[in-house]
1. According to a simple spin-label model (label point 7 Å from Cα along Cα-to-Cβ), what is the distance in nm between residue 80 and residue 68?
2. Using a 7 Å offset from the Cα along the Cα-to-Cβ direction at both residue 31 and residue 50, what is the distance between the two label points in nm, to one decimal?
3. Based on the Cα gyration tensor of region 46-147, what are the three equivalent ellipsoid semi-axes, each the root of five times an eigenvalue, rounded to whole Å and given largest first?
4. With charges only on Cβ, +1 for K and R and -1 for D and E, what is the dipole size of the chain about its Cα centre, in debye, rounded to 20?
5. Among 62, 23, 108, which residue has its Cα furthest toward the positive end of the charge dipole of region 22-111, with +1 on Lys/Arg Cβ and -1 on Asp/Glu Cβ?
6. For the chain, what are Rg and Dmax over the alpha carbons, in angstrom?
7. Before anything else, pin down the relative contact order of the chain: Cα pairs under 8 Å, at least 6 apart, normalised by residue count, whole percent.
8. Is the C-alpha gyration tensor of region 76-125 telling us rounded, prolate or oblate? Criteria: a/c under 1.5 is rounded; beyond that, a/b larger than b/c is prolate, otherwise oblate.
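The values are calculated or read from the model by the stated rules, or taken from the named source; none is laboratory data. Quick caveat: nothing in here was measured; it's all calculated off a predicted structure. Here the Cβ positions follow ideal geometry from the backbone for every residue, glycine too, while neighbour counts run over all protein chains shown. For accessibility, only protein heavy atoms count, side chains too; no ligands or nucleic acids. Shrake-Rupley method; radii C 1.70, N 1.55, O 1.52, S 1.80 Å.
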Amino acid sequence: MKYDEFLAAKAQLANAGGFEPEGLPEHLFDFQRALVEWAVRQGRGAIFADCGMGKTPMALAWADQVFRHTGKPVLFLTPLAVGRQVIGEAEKFGYRDVALSRDGRPWGAITVTNYEQLAKFDHADFGGVVCDESSILKSFDGVTRAQVTEFMRRIPYRLLCTATAAPNDYIELGTSSEALGEMRRVEMMAHFFNHDGGDTSKWRLKKHAAKGPFWQWINA
């Protein structure tokens, strides 16, 4: 493989932004509607909403918007025990073309599967992808994180959803950024953090970053 071919194979799909949402479901609360509208316009983004705030109906609404915009199915990735719960939520809120798949084929406009089945799917079949409970990506040395990041790399529309974006370590946000095709984890650490080379060997926010720039980047 030539070097330019190697670089092209590793490149992120350019983020051209999202699109204007149309016909969002009436069941969304005002704050949910605002978050979904933001995520649709963003194209690639994350909803870090606390437990009980309705991440699943928001993610379903986002996926439905992407399907209607692209005409291609959206892959909805969940932990193993959550897939059927998502199907139940979809039926509850009136989404008719949502199906569970574990054979690599997109059976519905919104195709739900668990992370362990991801290797069976082809990114070219999908216009968007939702990572539910995306805190799974925080294990940045894990095989699952690498598979998810690689799969998402060539998909234009991406959404991460979790209530625990960085419960113990802000550096975990870097894995989410990398999956969305923004700043890589190592770049984020170099840009916003200092490494304490002493006894703690921990990363800490630079003083200027803590005053605003880091949080502005998170919310961009």
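1. Result for the modelled spin labels: 3.6 nm.
2. So the two model labels end up 0.7 nm from each other.
3. Each semi-axis is √(5λ); the values are 19, 17, 13 Å.
4. For this selection, approximately 340 debye.
5. About the Cα centre, the residue reaching furthest to the positive side is 108.
6. 17.7, 57
7. Numbers: 363 pairs, mean separation 40.4, N = 220.
RCO, the chain: 18 percent.
8. Details: a/c = 2.81, a/b = 1.42, b/c = 1.98.
Since a/c reaches 1.5 but b/c is at least a/b, the shape of region 76-125 is classed as oblate.
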